[in-house]
Structure formats: structure tokens, C-alpha cells
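> Here it is, the structure, as C-alpha cells.
The values are calculated or read from the model by the stated rules, or taken from the named source; none is laboratory data. Since we're looking at a predicted model, the values are computed, not measured. Ideal geometry is used to build each Cβ from the backbone, glycine not excepted, and the neighbour counts take in all protein chains shown. These area figures cover heavy atoms from the full protein model, side chains too; ligands, DNA and RNA do not enter into them. Shrake-Rupley method; radii C 1.70, N 1.55, O 1.52, S 1.80 Å.
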Amino acid sequence: MQSRGNISSLLIRLKFSAMMALDGIGSNLLRTFLTVLGISIGVAAVVSLMGIGEGARKSIVSQFESLGENVIVIKSNAENITFDAKEAEEIPSRVTGIQYTTPVVYTQDTPIRWRRDESKMNIVGVNEQYPQIKDHKVLSGNFFTSLHVKQRSPVAVLGYNVANNLLNGRSPVGQTLKIDGINYRIVGVLAEKGKDKGDGIDDKIVIPYTSALKIANTKDILEIWAKSNSSEDAELAMIQLGRIYQRKVGIGSNIRPGNGQEEEGMEPDMPMEEPMPEEPSPEVPGEKENVFEKGEEPLTITSLNNLVKEADQANRIMTVLLGGIAAVSLLVGGIGIMNIMLVAVTERTGEIGVRRALGAKKEDLLIQFLLEAVYVSIIGCVVGIILGAWAVTIVSKYGLSAIVSFDSIRIAVFVALTSGLLFGVYPAINASNLPPVEALKRQ
Amino acid sequence: MDIIKMGNISKMYKSGQIQVEALKNVSFTIKEKEFVSIMGPSGSGKSTLLNVIGCLDHASNGSYELSGNVVDKLSDSKMSEIRNMFIGFVFQNFHLLPRANAIKNVEIPLIYRGMSGKERKELAEHALEMVGLEERMHHLPSQLSGGQQQRVAIARAIVGNPSIILADEPTGALDTKTGDLIMELFIDLNKKQSMTIVQVTHEEEIAEYGNRIIRLVDGEIVSDESSGGILNV
């Protein structure tokens, strides 16, 4: 009974302190508003910047997904560096750890005719190993075979959305489709990958690269995809591929990641390559430009592993930056709180004295002034989250991918409450340590 | 019964480099139902004495017993409890919380006692009735005259049924007429409610309302007389 009585009386006093704290922040609304502003700007900065960081991370992740796991992309950026089909086929035997390879040929705005409907579409030309490389499942029918590729057969495998649109969801396998004036038999439909995933394959048509070369009216293969068994294999394969293509491209050319293995004096017949501007390929989604940065390199070899490293580094920098912003906002907001609380304590010294005379203990005042600081930071936090979320929506309207992440809100709340407590403690202790006599005198 | 028992109380201050002895071996007792006025010129130590009586400050030396509690060496927290339970303060400038209405102001000592809301309200209403303010319970201090504010403060002082009401220049901020009304309220509380009252004042006319006047000069009691005649020095 006794202890219950104590607890309830403690609660009554706590409630009163909480009420007095509210009364305190209500006593000078302009001042409270300005202090809140300090905190909320900090919180809004954390929420919006983390939102942008998280958005960037998400877009890198989607790049990973479009590239596929353990996929190495060998890409020529110069007109005079081309691959031939045989080269692509030989890679598994020359490079350990590589299982599958395919030449990749893109065509753009190729005229398509389905029954009476004409349209233009982007087409990907690959070989029969493509589904294994990109982990594509065939939903209905089959993927085309090596024979189809060799014979330059007019066969096509449709992306999920393309197939769906033809017969309103019924499988178009067995039907024919005119691509660039030639009838192609639809042999299969790929399973859905989802929006923005798998290079947007859902909206594309896949045909043998031999056929695609014909449509593109070229013999030059500019891109090869290779798939290794594991990420360790991929790393090893990258080094070997770097060596192989170093020779092909010539001395001094910087092939990623083959740097460190630069061998001199090879292939004197190959002239030093002046970096060629990369021809923008509309086939490659815009985000890939980031992946294959350094367009001045005549040839790039890229794998998921590199991207992981780059993304890691980018994330680390982002984290450090955000940590810095959080720390600064903690400091600035906290100083604001401390400043205002010190003023509040000075202003209410007489009141503190009276309350002490009426029976308030040190704890009552400590809690009151601490709560007052925490209230300010809570309000600042809520306002800041709203402001930050608002900033994120505006930013994402202008094309930057940004999202309000739960993490950012958690960090913001933690930072704001910590600064409220941390910087509220000193003024609160000041208030509670005022001797009653001194406090009463200062009225 | 003795409410206040002071034995050889002295209080030293350090004012810069100089030791100031604000109270020098002050001894007296105050019995239940007394109405005592403490008088003295400024610097006589009457405020210091009030602080010691009010358990706002410890004496440097001597013994002080309040309602049977020896308070000489009590902790800050215990002193808060003693003030809350045994002393009802009335200040010169009323010191009401500006943003709380009369009844809320009167409830404050009971809140620190941990009393529940319903009980508090009843007691606060009763206290406000005793000071004649039952009509204005829900007014804010700013909506009340000075005299009415002081009545609210007196209600706040008596609401917890303390052993003693301790008033520091209770009429200092009021005009003579209002001050007299406050004094009549004190006499009323002293006579009808048997409350013990100690007030500090520098006005002879106000001091005369008490039935005993203690005069301080330079930290020493120079006279202690009841309306019946000189008691002892």
C-alpha cells in the first residue's frame, strides 16, 4: 500500500512537472518557434539527404539487378575495336571460371509488324546461352537454340509485356511477327522480371544475334556478356580478361580492371588509341552510363563486383557526410535549446524559488526543465520530418530518386531527442540547484 | 505546545572577503495560536531569520525545532518536505503562477504532497472559501486585484493545514486599506481557525496586528513583547 501510494504521488508530481514544462514552452511562443526551427532544420536535412542517399543506393541496386549476378560485360567504346562471334565463344575455354558467354547486339527502333499493327521496338540479339547468363526463365515455349543462332533463323523470344500485349494475355508462341520486313516465328516468352529490372527485358524482343547483326546491317559485335560460377571466379576472370584485351586494344590503354597488369611492347601493329567518344546507345538504359563511366576508355570490362565496390565506397562517403550533418545539426539545434533553456531558467528564477518554498524538490524542477527541452526537440523533430519528407517529394519530382527511409527518421528522432536531453541537462541542473533563498531573492 | 523552538541560532555569510554575522545567538520559542510580528530595520537580519524559520536555509549554528522536527541537519529533499507539510508561505509580491487560475495555484502545495486531483480540488475550494474568494476560483491572477491575489496566496498557504503561516511583508505591495483587510483576515484565521502566524514587517501599524512583536537590530533580539507586556529579552 505504502509503495503504491508513493508511486501514485510520484506520478502526480511528474504529471505536474510535465504540465509546467508545457506551460513553459507556451509562455513565449516566438522563442519556442525559433528554437524548434533550429532543431527541425537539422532533422529535415538528415531526412532529405538520407532520402537522396537511399534513393541513389536503390538505383545502384537496380543496376546490379539489371546486370545480373556474376555477369561480366566486355564492351567496346571505340569503333575500331570489335569482337567476333568466335571470340565470344572461345572465352569459356580461355578464361577459367567463365561458364557462359554471348555476343550482344542491339538494334533500335526496328519496325515491327504484328498482324495489322506497326510499331518500332528495341531488339536484343544474343545466343542461346542468354537465359543462363541473365537468369531468365522461359514462361512458355522455349528459348532459341544454338542451331537457330548458327542458321540465323528468324525466331524470336518475347519479353513478358510484349507477349502480353499481342494477344491480350494469351500465349503468342507459334505465331509469327514481322521484324524489319521478315517473318519471325515466336518460339518462347520470357517470365516477367518486373519494372526497371533485367534491362527492361519485359518490353523487348530477343532474337539470335546473327539475325540482329543482319537487321543492324553490321558485322561488328561491340559487346560480350560472360557469366562466371561465383564472385571469386568473376574476379579471377576479370584479371584474365583484362590481360587478353590489353593485348587486343594496345599499349597504355587503361582497361578496367586490368590495370596493374599493363604489359608493354605488345602488338606494335596496333596504334595507340586516341580515346573515342562513346557513341550513346539508346539501347543501354540511362543509368548504365554511370556503370560504364570513363567513356574515354576504348574498352571496358565491368562486373557486379566492381559495382559493389563502387557502391560500397559511395555509401561509405554518404554515411560519413550524413554523420557529419547529423552531428552539426545536433550541435546547432542543441546549442539553441541550451541557450533558450538558460534564458528560461533565469527568467523564472523567482518562480523556481516559490515552487521550492511550496515544497518542490530538486527533482521536480530538474524534470520540468529537462522535459521542456525535450518537448522542444520533439516538436522540432516532427516538424523536421514533415519538412524533410516534403523536400524529398520535391526533389524526386525533379528526377532525383529519393525516398523517405525509416532509417533516416529513426536517426533524426534519435539525434533530436539526444540533443534535447544533452543540452537540456545543464540548464535543468542549474534550475534545480538554485538555493531557494537565492531564487526567491531574485524576484 | 511549542511550534518553533530556536536555541542560539546564528548565521554567518561571506560577503566578498568579509564575514557577516546576520544572526547572533538568537533564541526564542513560538507557541501554538500565536500571531508574531518580527520587526527591524533593513539589515537587521529579519529576512535571514525568516529564511531559517521557513526552512529555506540552514543556520550556521544553534538548534531549531519546528513542530517537534529537528531541522538543523536535514537534507535539501527533507527540507522540501518539511516546508511542504509544516509551513505556509505568503510573499510580499504574492508569487502566483501567472498562467494558472486561482484554484490551480492553491492546489500546488498539495500536488507536491502527491495528493490526488479530487482531494486537492475540495481542499483548495475550501481554502478559497476561507479567504472569501469562492466567487473567483477560476480567475487568472491577472484578472484579480492585488488584494485578491494576496488572498489566493493566503489560501495557498493554508490549504495544506500547516503548523505555521510565514508571511514576508504581506502588505508591502498593497495600499493601506487593502493591507488592513489582509491583516483582518490574518486575525480571523488566527482567532477562529487557531492558526499560528509569523510575519516579518517593517511597518509599525502592521506589526501591531500581531499579539507579540520581536524586534531585531544587527542580528540580535532587542525586545520581545506581547500585547500583555514585555516578556523577556
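> Find the residue count for the stretch B:133-155, including only residues that are open to solvent by less than 40 Å² (accessible area, probe 1.4 Å) and outside any helix (DSSP H, G or I).
Adding up the residues that qualify gives 3.
> Considering only the stretch A:167-195, state which residues are of a type in the set (V, I, T) and closer than 16 Å to A:L139 by Cα.
Quick first cut of the stretch A:167-195, residues of a type in the set (V, I, T) only: A:173, A:176, A:179, A:182, A:186-187, A:189.
Hits for the stretch A:167-195 are A:V173, A:I186, A:V187, A:V189.
> Could you say whether any residue in the stretch A:362-377 is touching a residue at least 24 places away in the same chain (Cβ under 8 Å), farther than 30 Å from B:M115 by Cα and either small (G, A, S) or out of contact with any Gly (no Cβ under 7 Å at 6 or more places or on another chain) (or both)?
Step one: filter the stretch A:362-377 for residues touching a residue at least 24 places away in the same chain (Cβ under 8 Å), giving A:362-377.
From what's left, farther than 30 Å from B:M115 by Cα: A:377.
In the following step, the residues that additionally are either small (G, A, S) or out of contact with any Gly (no Cβ under 7 Å at 6 or more places or on another chain) (or both) were identified as A:377.
There is at least one residue in the stretch A:362-377 that is touching a residue at least 24 places away in the same chain (Cβ under 8 Å), farther than 30 Å from B:M115 by Cα and either small (G, A, S) or out of contact with any Gly (no Cβ under 7 Å at 6 or more places or on another chain) (or both).
> Okay, next question. Here is a list of conditions, (1) under 19 Å from the mean Cα position of the chain (by Cα); (2) open to solvent by 10 Å² or more (accessible area, probe 1.4 Å); (3) polar (S, T, N, Q), and B:S44 meets all of them except one; can you say which number that is?
(2)
For (1) assigned to a helix (DSSP H, G or I); (2) surrounded by fewer than 24 Cβ atoms within 10 Å (Cβ to Cβ); (3) more than 14 Å from chain B (Cβ to nearest Cβ), each residue gets a yes or a no:
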position	(1), (2), (3)
A:R316	yes, yes, yes
A:T319	yes, yes, yes
A:S329	yes, no, yes
A:N339	yes, yes, yes
A:V343	yes, yes, yes
A:R355	yes, no, no
A:F369	yes, no, yes
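> Also, quick follow-up: Quick one: in the stretch B:143-153, of everything that is out of contact with any helix residue (DSSP H, G or I) (no Cβ under 6 Å at 6 or more places or on another chain) and more than 13 Å from chain A (Cβ to nearest Cβ), which residue is nearest to B:I4 (Cα to Cα)? If you could, list the steps in order and put the result at the bottom.
Taking the stretch B:143-153 as the starting set, the residues that turn out to be out of contact with any helix residue (DSSP H, G or I) (no Cβ under 6 Å at 6 or more places or on another chain) are B:143-146, B:148, B:151, B:153.
Going one step further and asking which of them are more than 13 Å from chain A (Cβ to nearest Cβ), we end up with B:143-146, B:148, B:151.
Numbers: B:Q143: 37, B:L144: 34, B:S145: 33, B:G146: 30, B:Q148: 30, B:R151: 25 Å.
Going through the qualifying residues, I end up with B:R151.
> Please pick out the residue among A:V415, A:V425 that is of a type outside the set (D, E, K, R), in the same structural domain as A:R57 (by TED's automatic domain parsing) and touching a residue at least 60 places away in the same chain (Cβ under 8 Å). I'd like the intermediate steps shown before the answer.
Numbers: A:V425 fails: touching a residue at least 60 places away in the same chain (Cβ under 8 Å).
After ruling out the rest, the residue left standing is A:V415.
Listed here are the residues, each with its yes/no results for (1) part of a helix (DSSP H, G or I); (2) over 30 Å from B:G88 (Cβ atoms); (3) open to solvent by 50 Å² or more (accessible area, probe 1.4 Å).
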position: A:D364; (1), (2), (3): yes, no, no
position: A:G380; (1), (2), (3): yes, yes, no
position: A:L387; (1), (2), (3): yes, yes, yes
position: A:W390; (1), (2), (3): yes, yes, yes
position: A:I394; (1), (2), (3): yes, yes, yes
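> Scan the stretch A:28-36 and tell me whether some residue there is closer than 30 Å to A:N339 by Cβ, within 14 Å of another protein chain (Cβ to nearest Cβ) and either surrounded by fewer than 19 Cβ atoms within 10 Å (Cβ to Cβ) or under 36 Å from the mean Cα position of the chain (by Cα) (or both).
Yes, that holds for at least one residue.
> Is there a residue being of a type in the set (S, T, N, Q) and surrounded by 20 or more Cβ atoms within 10 Å (Cβ to Cβ) anywhere in the stretch B:105-127?
Yes, the stretch B:105-127 contains at least one residue that is of a type in the set (S, T, N, Q) and surrounded by 20 or more Cβ atoms within 10 Å (Cβ to Cβ).
> Return only the number of the condition from (1) open to solvent by 60 Å² or more (accessible area, probe 1.4 Å); (2) more than 24 Å from A:E363 (Cβ to Cβ); (3) not acidic (D, E) that B:I53 does not satisfy.
Of the numbered conditions (1) open to solvent by 60 Å² or more (accessible area, probe 1.4 Å); (2) more than 24 Å from A:E363 (Cβ to Cβ); (3) not acidic (D, E), the odd one out for B:I53 is (1).
> Further question on the same structure: Which ones in the stretch A:196-228 are assigned to a loop (DSSP other than H, G, I, E, B) and over 26 Å from the mean Cα position of the chain (by Cα)? Spell out the reasoning first.
Going through the stretch A:196-228, the residues assigned to a loop (DSSP other than H, G, I, E, B) turn out to be A:196-197, A:204, A:217-220, A:222.
Across the stretch A:196-228, the qualifying residues are A:N217, A:T218, A:K219, A:D220, A:L222.
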